[in-house]
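J.: One structure, pasted below without further comment.
The values are calculated or read from the model by the stated rules, or taken from the named source; none is laboratory data. As the structure is a computational prediction, the values presented were derived from the model and not from experiment. A quick note on method: Cβ atoms are made from the backbone with ideal geometry, for glycine too, and the neighbour counts reach across all protein chains shown. Remember, those area values only see protein heavy atoms, side chains included, never the ligands or the DNA or RNA. Shrake-Rupley method; radii C 1.70, N 1.55, O 1.52, S 1.80 Å.
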Amino acid sequence: CPAKGGVVGPVGGRGGSAVYTWEEVQRHSHRGDQWLVIDRKVYNITQWVKRHPGGIRVISHFAGEDATDAFVAFHPNPNFVRKFLKPLLIGELAPTEPSQDHGKNAVLVQDFQALRNRVEREGLLCARPLFFSLYLGHILLLEALALGLLWVWGTSWSLTLLCSLMLATSQSQAGWLQHDFGHLSVCKKSSWNHVLHKFVIGHLKGASANWWNHRHFQHHAKPNVLSKDPDVNMLHVFVLGDKQPVEYGIKKLKYMPYHHQHQYFFLIALITFVRFLESHWFVWVTQMNHLPMEIDHERHQDWLTMQLSGTCNIEQSTFNDWFSGHLNFQIEHHLFPTMPRHNYHLVAPLVRTLCEKHGIPYQVKTLKKAIIDVVRSLKKSGDLWLDAYLHK
């Protein structure tokens, strides 16, 4: 299939002839006054954020910054989006200004963009329809078999347990599949992805596609960045990373006994046994790639460095691929969120080579170690909070 995104290039016309420094751009990074840069073009998105299909927050997180890599990563068809950007163009960076903000590594950014272009040329962003058709088929089959068993043979303890396991499996797998559709990585047309996403997450799982999009794309935009990634906003139930627990401790905030959070983490409970099993499946798979990684405030890193600091991979195997919905390739998924998951293993060696060139850690763990690291990271953060709370 043809490349989805196209080579990174100018995304607007000459709607503005002014030139700006990064210092000027960065002054417009507040609510009610927001600019951003895409391929050296400066856009005033202050009014547009309210109409942004991906939500206000995900685009606002890049106010005052270069959003080139994020723009390309999130939009399968940048040419379509360009018509919306044209009226927002107010100028471009001055010739003396670097293309990247906050002292980001220009060579690293350029190398990643070259990798992105190679990925597109080699068709790694193109999905195989049969793969996802069979995947949806095995989910529907499990649902039908479970309900059929109950309908024909009743609700004995043994059948209830068997059907609970089958439904937990189908629901977990439906969670991975809705994730594929939500990232627009399956169908050529975004509208088809949206329809199938709403079917899987809405009709099979009973959740909101809009809610998922609003939260999940913020997570991809700024993974593990406090106040920007909703996945690390624990509503005072947990303190995460090395910085947040110390901040809570210094401020004497004690909504929960955080030094015991590695223990009460296991007390998560759900209304039904099926949801209980599914939620644990979901929580362990999604958090083992992120919670043990670095969690900090905004540091204005380049796209590659930011994603690698907040994500890690789990070893590849047929079971791990199926069990995690291919999110064992979390690094590749974060770098290329619209890539079909069956291509992650193809791009992984290219990403690893790029990371080795620039000295960026590329972490791959066993499934067992990844799960243990979740508990260890919670214990560490809880201890940091206790020390700060008692002594600072």
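J.: For residue 315 and residue 141, what is the calculated FRET efficiency with R₀ set at 22 Å and r taken between the beta-carbons, to the nearest 0.05? Before the final figure, lay out the partial values.
T.: Details: r = 29 Å, r/R0 = 1.30.
Computed FRET efficiency for residue 315 and residue 141 comes out at 0.15.
J.: How many nm is it between the label spots at residue 17 and residue 211, if each spot is 7 Å from the Cα in line with the beta carbon?
T.: Between residue 17 and residue 211, the label points sit 5.1 nm apart.
J.: On a 0 to 90° scale, report how tilted helix 344-358 is relative to the longest principal axis of the chain, with both axes built from alpha carbons and the result rounded to the nearest 10.
T.: So the inclination is approximately 50 degrees.
J.: Angle, helix 367-391 long axis vs. longest principal axis of the chain, Cα atoms, 0 to 90°, nearest 10?
T.: Helix 367-391 sits at roughly 70 degrees to that axis.
J.: Cα atoms only, the range 250-348: Rg and Dmax in Å?
T.: 16.6, 48
J.: So if I average 1/r over every pair of distinct C-alpha atoms in the range 19-103 and take the inverse, what Kirkwood radius in Å does that give?
T.: Values: mean 1/r = 0.0780 Å⁻¹.
12.8 Å is the Kirkwood radius here.
J.: Could you check the spin-label model distance between residue 30 and residue 322? Points 7 Å from the Cα along Cα→Cβ, value in nm.
T.: Calculated label separation equals 5.6 nm.
J.: Bin width 10 Å, origin at 0, all Cα-Cα pairs of the chain: what percent of pairs per bin?
T.: Going out from 0 Å in 10 Å bins, the chain shows 5, 21, 30, 26, 14, 4, 1, 0 percent.
J.: Computed FRET efficiency, Cβ-Cβ of residue 203 and residue 298, R0 35 Å: what is it to the nearest 0.05?
T.: Values: r = 38 Å, r/R0 = 1.07.
With R0 = 35 Å, the Cβ-Cβ based efficiency is 0.40.
J.: Based on DSSP H runs of at least 4 residues, each adding -39500 (n - 2.57), what is the mean residue ellipticity at 222 nm of the chain after dividing by all its residues, to the nearest 500 deg cm²/dmol?
T.: Details: 17 runs with 200 residues, N = 392.
Only helices count here, giving -16000 deg cm²/dmol.
J.: To continue, here is another question. Just need the Rg to Rh number for the range 164-303, please, alpha carbons only, Kirkwood Rh.
T.: Details: Rg = 17.2 Å, Rh = 17.0 Å.
Rg divided by Rh gives 1.01.
J.: Students often check this: by mean Cβ neighbours within 10 Å, which of 75-82, 53-60 ranks highest, and how do the rest follow? Walk me through the intermediate numbers first.
T.: Numbers: 75-82: 16.1, 53-60: 17.9.
Per-residue Cβ counts within 10 Å, averaged per peptide and sorted highest first, yield 53-60, 75-82.
J.: Working from Cα positions, state the angle (0 to 90°, nearest 10) between the long axis of helix 209-221 and the longest principal axis of the chain.
T.: It is inclined by approximately 60 degrees.
J.: Could you sort 238, 282 by accessible area so the largest value comes first, with the probe set to 1.4 Å? Kindly include the intermediate steps, with their values, before the conclusion.
T.: On the way: 238 30, 282 110 Å².
Ranked list, largest accessible area first: 282, 238.
J.: Between residue 375 and residue 121, what length comes free when the chain is fully extended (0.36 nm per residue of separation minus the Cα-Cα distance, one decimal in nm)? Spell out each step's value before the answer.
T.: On the way: separation 254, 0.36 × 254 = 91.44 nm, distance 4.11 nm.
Residue separation times 0.36 nm, minus the Cα-Cα distance, leaves 87.3 nm.
J.: What does the accessible area of residue 284 come to, in Å² to the nearest 10, when a probe of 1.4 Å is used?
T.: Per-residue accessible area (residue 284): approximately 50 Å².
J.: Kirkwood Rh over alpha-carbon pairs of the range 190-252, then Stokes-Einstein at 4 °C and 1.567 mPa s: what D in µm² s⁻¹, rounded to an integer?
T.: The estimated diffusion coefficient comes to 94 µm²/s.
J.: Nearest 20 debye, what's the magnitude of the dipole of the range 19-103 about its Cα centre given +1 on Lys and Arg Cβ and -1 on Asp and Glu Cβ? Working shown, then result.
T.: Values: 10 positive and 10 negative charges, 119 e Å.
Its charge dipole is roughly 580 debye.
J.: For the charge dipole of the range 275-392, defined by +1 on Lys and Arg C-beta atoms and -1 on Asp and Glu C-beta atoms about the Cα centroid, which residue among 325, 310, 338 has the Cα displaced farthest towards the positive pole?
T.: Result: 325, furthest along the dipole toward the positive end.
J.: While we're looking at this one, here's another question. With the dipole of the chain worked out from charges on the C-beta (+1 for Lys and Arg, -1 for Asp and Glu) around the Cα centre, which of 208, 36, 246 lies farthest toward the positive end?
T.: With unit charges placed on the Cβ atoms, the residue in question is 208.
J.: Along the charge dipole of the chain, Cβ charges K/R +1 and D/E -1, which of 281, 374, 78 sits furthest on the positive end?
T.: Most positive-ward Cα: 78.
J.: Taking the Cα centre of the chain as origin and charging only Cβ (+1 Lys, Arg; -1 Asp, Glu), how large is the dipole, in debye to the nearest 20?
T.: On the way: 40 positive and 31 negative charges, 140 e Å.
Computed about the Cα centre, the dipole is about 680 debye.
J.: Still on this structure, I have one more. I'd like the FRET efficiency for residue 284 and residue 242, computed as 1/(1 + (r/R0)^6) with the beta carbon distance as r and R0 of 30 Å, rounded to 0.05.
T.: Details: r = 22 Å, r/R0 = 0.73.
According to the calculation, E is roughly 0.85.
J.: Please list, in order, the residues from the range 339-376 whose amide nitrogen is less than 16 Å from a point placed 7 Å along the Cα→Cβ vector of residue 266.
T.: Residues 371-376 qualify, since their backbone N sits under 16 Å from the label point.
J.: Okay, moving on. Assuming 0.36 nm per residue, please report the length gained on full extension of the stretch residue 150 to residue 80 beyond their Cα-Cα distance.
T.: On the way: separation 70, 0.36 × 70 = 25.20 nm, distance 4.84 nm.
Extra length available between residue 150 and residue 80 comes to 20.4 nm.
J.: Also, I was wondering about something else. Per residue, how much accessible surface does the chain expose to a 1.4 Å probe? Answer in Å², no decimals. Kindly include the intermediate steps, with their values, before the conclusion.
T.: Numbers: 18580 Å² over 392 residues.
With the other protein chains kept in place, the chain gives 47 Å² per residue.
J.: Select from 198, 86, 228 the residue whose mean-square fluctuation is largest in a Gaussian network model of the chain (Cα-Cα springs shorter than 10 Å).
T.: The residue that fluctuates most here is 86.
J.: Let me ask something additional. To the nearest 20 debye, what is the magnitude of the charge dipole of the range 73-197 about its Cα centre, counting +1 on the Cβ of each Lys and Arg and -1 on the Cβ of each Asp and Glu?
T.: Details: 10 positive and 8 negative charges, 77 e Å.
Charge dipole, the range 73-197, about its Cα centre: 360 debye, nearest 20.
J.: 7 Å from Cα along Cα→Cβ at both residue 364 and residue 195: what's the point-to-point distance in nm?
T.: Here the modelled spin labels are 3.9 nm apart.
J.: Taking amide H positions as placed in the peptide plane 1.01 Å from N, state which residues far from residue 20 in sequence (5 or more) or on other chains have amide H under 5 Å from it.
T.: Under 5 Å from the amide H of residue 20: 92, 93, 94.
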